[in-house]
1. Structure shown: which of Lys90/Lys259; Lys154/Lys259; Lys103/Lys210; Lys175/Lys259; Lys90/Lys175 lie over 29 Å apart, alpha-carbon to alpha-carbon?
2. How would you order 38-45, 254-261, 87-94, 206-213 from highest to lowest mean count of nearby Cβ atoms within 10 Å?
3. For segment 33-153, what percent of Cα pairs sit more than 16 Å apart?
4. Counting only residues 5 or more places away or on other chains, whose amide H sits under 5 Å from the amide H of Val153 once H atoms are built in the peptide plane?
5. Quote to one decimal, in nm, the extra length available between Asp87 and Arg124 on full extension: 0.36 nm per residue of separation minus the C-alpha distance between them.
6. Simple spin-label model, 7 Å along Cα-to-Cβ: Arg213 to Asn75 in nm?
7. Taking the Cα centre as origin and putting +1 on Lys and Arg beta-carbons and -1 on Asp and Glu beta-carbons, what dipole magnitude results for segment 33-153, to the nearest 20 debye?
Amino acid sequence: MVHPGKWFRASVMALLACVVPFASMAVYAAENPLLAAFHQFRISNFTALNAYYRFSVNGDTDTLNEIVAAINDANSQIKQVDAVSDDILKADQIAGLNTEFDKYKDLMRQNINDVRKNGYPDLRLVSDMANQAQALSSTSAELYDIVRTNNNVKTDERVEAARAAAVLMAQMMSKYSARSTSSVSQTFQGADTEQPLDEQAHAFDEQMSKVTRGNPSGELRAALSNVASKWAFIRGSYINYNDNNVSFVIDRYSKEILKQLAEAIALMTDSGAPQQATAQASGN
């Protein structure tokens with residue numbers, strides 16, 4: 001069984017020790033639809049990759065449907081990016097993102113067809129897809145930063161930290177699935193340019209420490225407490241990723257963390273409720 005990490009103990013103590021309501025919680029950060037679309041685009045692409053690794057083993061229709069739902073949501077998000085980019089992003093930047101996304105979708109399609117036809121993946125194509133997913137995420141992150149640092153865009157430190165934590169979790173979840181999948185684990189360990197899982201786990205700790213600043217109360221406090229408790233359960237598996245652990249438990253709790261982070265972001269902004277697309281992360 002995985003033992004709780006230091007961040008969990010510290011964060012839960014901080015959250016449960018709150019006796020003074022955090023008054024500024026009533027003042028929401030304005031949600032920027034362009035930043036929100038970029039963020040969900042990245043999450044959905046890694047969600048699809050994570051589902052593919054499981055599909056490569058079981059060929060299950062429900063798992064295939066998870067891939068399709070995630071890719072469809074990413075399609076919706078990139079259309080939203082194009083629709084609300086205004087004068088912040090140039091047409092060639094959006095076109096470049098679409099090109100990278102098309103490459104990713106094409107590789108996903110090829111890899112799905114390989115499993116359906118042969119019963120097992122082509123490791124070269126799987127590696128190409130993982131690297132393309134990382135390249136797509138990097139391109140998205142660069143454009144996200146252009147928007148975030150624009151003089152006309154207002155951001156909130158805790159919202160940005162929560163989004164950064166969510167992207168890390170989505171990346172870790174997909175990479176852990178790659179390592180845990182018997183058909184690819186001995187040869188393939190995820191994208192070449194990704195941080196090791198243990199470093200990403202420590203980075204997740206750092207981002208969550210920013211999110212929990214200021215003694216959050218009410219529903220936000222509950223959502224962050226849920227993140228902390230679930231992270232405590234799986235943190236050791238990400239830190240000691242070579243140990244044998246129950247992969248479906250890691251997958252389930254990681255998805256729950258993504259769902260709770262989406263709820264926290266919604267509570268910290270004026271977006272009301274988590275985006276419908278994020279609900280797919282809680283599916284099994």
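1. Details: Lys90/Lys259 32 Å; Lys154/Lys259 24 Å; Lys103/Lys210 35 Å; Lys175/Lys259 18 Å; Lys90/Lys175 32 Å.
Result: Lys90/Lys259; Lys103/Lys210; Lys90/Lys175 exceed 29 Å.
2. Values: 38-45: 26.6, 254-261: 24.1, 87-94: 12.8, 206-213: 18.9.
Most protected by this proxy first, the peptides run 38-45, 254-261, 206-213, 87-94.
3. Values: 4263 of 7260 pairs.
Here the long-distance tail beyond 16 Å is 59 percent of all Cα pairs in segment 33-153.
4. none
5. On the way: separation 37, 0.36 × 37 = 13.32 nm, distance 3.96 nm.
Taking 0.36 nm per residue and subtracting the Cα distance, the gain is 9.4 nm.
6. It is 4.1 nm.
7. Details: 11 positive and 16 negative charges, 48 e Å.
Roughly 240 debye for segment 33-153.
Every read-out reported here was derived from the displayed coordinates using simple, explicitly stated rules and does not represent laboratory data. Computed from a prediction, not measured in an experiment: that's the story for all the values here. Don't worry about glycine lacking a Cβ; one is built from the backbone with ideal geometry, like all the others, and counts go over all protein chains shown.
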